[in-house]
């Protein structure tokens, strides 16, 4: 991981958003989930070809709340302002878990300003009876990581974790959000939906709903990964995301050589 | 209820000289003679169906007279049109050697073409088979496990999907046809190792033991039962399959002579040449872990190759003799192992079609009714629970 992320801040309305950034090329903005703004090994790999921007969402970590942000859509509006300032030239988005819903709202509300959308283990659509509070904390690590041994960052401060969890609980909306889902058929931005085959938080099968509802969505299952695909299989994540960012729906054409020897 | 799978290796019985090793030279094969041979072998599968065997079974072997089903699914396709009632058991395609999406498609075709009678064996293959398509034996288990998951997804995912695997990468998959049995056909896997037993149990699929003594088979089955019990689950006997040679005649001594000659050919001409290549892979790669190698010493196919007939009967590889004798021997094997599916091999080595067919008829008339009801009362084949 030779890429170094620099830390910057940007004033957005009456709040300040801190973000980390590395690389050059087309911009890719990470919209994080309950885990907060963390630079992953997958980000470092993507930064070899792209300008990777990892902001901390208002209401998460140490970033103050923004007044009047009551829903994921409200938060999406704030982040659209951030994105317009930091990467005005049609960036792509990676929406992870809860961030999937924010990134989708950003795309729904400003489709012309988003080049490509990546949804990683998106929590925007959940089974009707889904209730994470029923999962014993002791089970959490195995549900989040297929490879806990690949986690390199120290765990968050418990206070930060609690604040992030509370923010998600406040903003995410119902398991099946009819008002949100009816917009999906109108999303034409090329979208890649990724789920780990061992995701213990959001069932892998949720991925097919995006494929069904969104005309331009591709659904790909990442083998041997749970909820945190970027941690469980960084190379696999960066490879397919990089390919999709570059080629969108034509990424289904194999352009790599199978020539053995000349 | 004990089920009988009429399992056929479809061996080549006309060897004039013994191949030095595996692969056997293709010049020893005579396509003109194979035309009738395939015909009579398929007739035997159809006869098994008429006689009341529960399944008919195919398998995959390469580059040798050991078995002529390089592609068991090709044979399965023929059987869907000849076998009207029995289940068609692919025991099966060698998963790490083949394209998993192609296998998912072929198995799904067989399931639909047979009206939902497919048994889906997911085989890792004998060690030397890994040489056939030049795949790395070290990676065989990992490839197998990934392909297994991918095949299940091919059968259960209703929307097009891609697969970002470790060994397999597909950008868009949506197989037609889909299997008729839901969520998917019953699955069996070979479980020679502790690791395989754990894998099978996680998915609650059936396990099989072949070319091992009944003690060794029982060990594997007991491990599965114990681990399942720890999870509060009691697997049905049909989750356990054991490979077994059967030969019946009214004259017991004649039966022993017939099977003696046939198994001598099987052991010396068919199995013998394979063992050096098999050992090369086993000793030189991680196909079987060192711990498993130590655990299995003296219980594998190479041991069987040196055993005489009384030893083979004693250790549960073979039941042979009069109907009464075979009932007694089979009863012992079934009770000892608790097996619910006998992978019955009737046509062995150089045996003729007439010999095999006569033995099958006598078995169906005088043995089958007396061994069917052995074992615990129990349900049909394992219900698949691995969906999605």
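The values are calculated or read from the model by the stated rules, or taken from the named source; none is laboratory data. No experiment lies behind these values; they were computed from the predicted model shown. Cβ sites come from the backbone with ideal geometry, for glycine too, and all protein chains shown count toward neighbours.
Which strands (runs of 3 or more DSSP E) sit wholly inside the range B:187-300 and have at least 3 residues that are farther than 27 Å from residue B:131 by Cα? Let's see the steps before the verdict.
Values: elements: B:187-190, B:206-209, B:240-248.
By residue number, B:240-248.
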| field | strands (runs of 3 or more DSSP E) fully within the range B:62-172 counting 3 or more residues that are within 14 Å of chain A (Cβ to nearest Cβ) | value | B:161-164
| said: Suppose we keep only residues that are farther than 14 Å from residue B:156 by Cα and surrounded by fewer than 23 Cβ atoms within 10 Å (Cβ to Cβ) within the range B:99-113. Which one would you say is nearest to the chain's Cα centre (by Cα)? | reply: B:106
| Qualifying positions in the range A:1-39 - out of contact with any strand residue (DSSP E or B) (no Cβ under 8 Å at 6 or more places or on another chain), closer than 25 Å to residue A:69 by Cα and outside any strand (DSSP E or B) | A:13, A:14, A:34, A:36
| said: Please determine whether any residue of the range B:269-285 is within 22 Å of the chain's Cα centre (by Cα) and over 30 Å from residue B:195 (Cα atoms). | reply: yes
| field | Any hit, the range B:147-159, residues being over 30 Å from residue A:120 (Cα atoms) and surrounded by fewer than 18 Cβ atoms within 10 Å (Cβ to Cβ) | value | no
| Any chance the range A:172-179 includes a residue that's surrounded by 14 or more Cβ atoms within 10 Å (Cβ to Cβ) and within 14 Å of another protein chain (Cβ to nearest Cβ)? | no
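From A:141, A:158, grab the single residue that is without any contact (Cβ under 8 Å) to a residue 60 or more places away in the chain and within 21 Å of residue A:237 (Cβ to Cβ).
Numbers: A:158 fails: within 21 Å of residue A:237 (Cβ to Cβ).
One residue alone meets the criteria, A:141.
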| query | Any residue at all in the range A:236-246 that is at the interface with another protein chain (Cβ under 9 Å from one of its Cβ atoms), surrounded by fewer than 24 Cβ atoms within 10 Å (Cβ to Cβ) and more than 23 Å from residue A:202 (Cβ to Cβ)? | reply | yes
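Just to check your reading of the model, which residue among A:94, A:31, A:53 is surrounded by 23 or more Cβ atoms within 10 Å (Cβ to Cβ), without any contact (Cβ under 8 Å) to a residue 40 or more places away in the chain and closer than 28 Å to residue A:14 by Cβ? Spell out how you get there, then give the answer.
Working: A:94 fails: without any contact (Cβ under 8 Å) to a residue 40 or more places away in the chain; A:31 fails: without any contact (Cβ under 8 Å) to a residue 40 or more places away in the chain.
On inspection, the qualifying residue turns out to be A:53.
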| query | in a helix (DSSP H, G or I) and under 21 Å from residue A:17 (Cβ atoms): does that describe residue A:107? | reply | yes
| Out of curiosity, is residue B:187 free of Cβ contacts under 8 Å to residues at least 40 places away in the same chain and either within 28 Å of residue B:127 (Cα to Cα) or crowded, with 23+ Cβ neighbours inside 10 Å (or both)? | no
| request: Would you check if residue B:125 is buried (at least 18 other Cβ atoms within 10 Å of the Cβ) and farther than 29 Å from residue A:256 by Cβ? | output: no
| All positions within the range B:334-355 that are assigned to a helix (DSSP H, G or I) and surrounded by fewer than 24 Cβ atoms within 10 Å (Cβ to Cβ) | B:334, B:335, B:336, B:353, B:354, B:355
| query | Just a yes or no: is a residue in the range A:209-220 in contact with a helix residue (DSSP H, G or I) (Cβ under 8 Å, 6 or more places away or on another chain), more than 9 Å from chain B (Cβ to nearest Cβ) and more than 16 Å from residue B:159 (Cα to Cα)? | reply | no
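Does residue B:367 satisfy being at pLDDT 85 or above, crowded, with 16+ Cβ neighbours inside 10 Å and on the phi < 0 side of the Ramachandran plot?
Numbers: at pLDDT 85 or above: yes; crowded, with 16+ Cβ neighbours inside 10 Å: yes; on the phi < 0 side of the Ramachandran plot: yes.
Spelling it out, residue B:367 is indeed at pLDDT 85 or above, crowded, with 16+ Cβ neighbours inside 10 Å and on the phi < 0 side of the Ramachandran plot.
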| query | What about residue B:57, is it modelled with pLDDT of 95 or more, in a helix (DSSP H, G or I) and either closer than 30 Å to residue B:333 by Cβ or under 14 Å from the mean Cα position of the chain (by Cα) (or both)? | reply | no
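Looking for something assigned to a helix (DSSP H, G or I), closer than 24 Å to residue B:136 by Cα and without any contact (Cβ under 8 Å) to a residue 40 or more places away in the chain - is there at least one such residue anywhere in the range B:20-34?
Taking the range B:20-34 and keeping what is assigned to a helix (DSSP H, G or I), we get B:26-28, B:31-34.
From the residues that got through so far, the ones that are closer than 24 Å to residue B:136 by Cα too are B:26.
Remaining after also requiring without any contact (Cβ under 8 Å) to a residue 40 or more places away in the chain: B:26.
Yes, some residue in the range B:20-34 is assigned to a helix (DSSP H, G or I), closer than 24 Å to residue B:136 by Cα and without any contact (Cβ under 8 Å) to a residue 40 or more places away in the chain.
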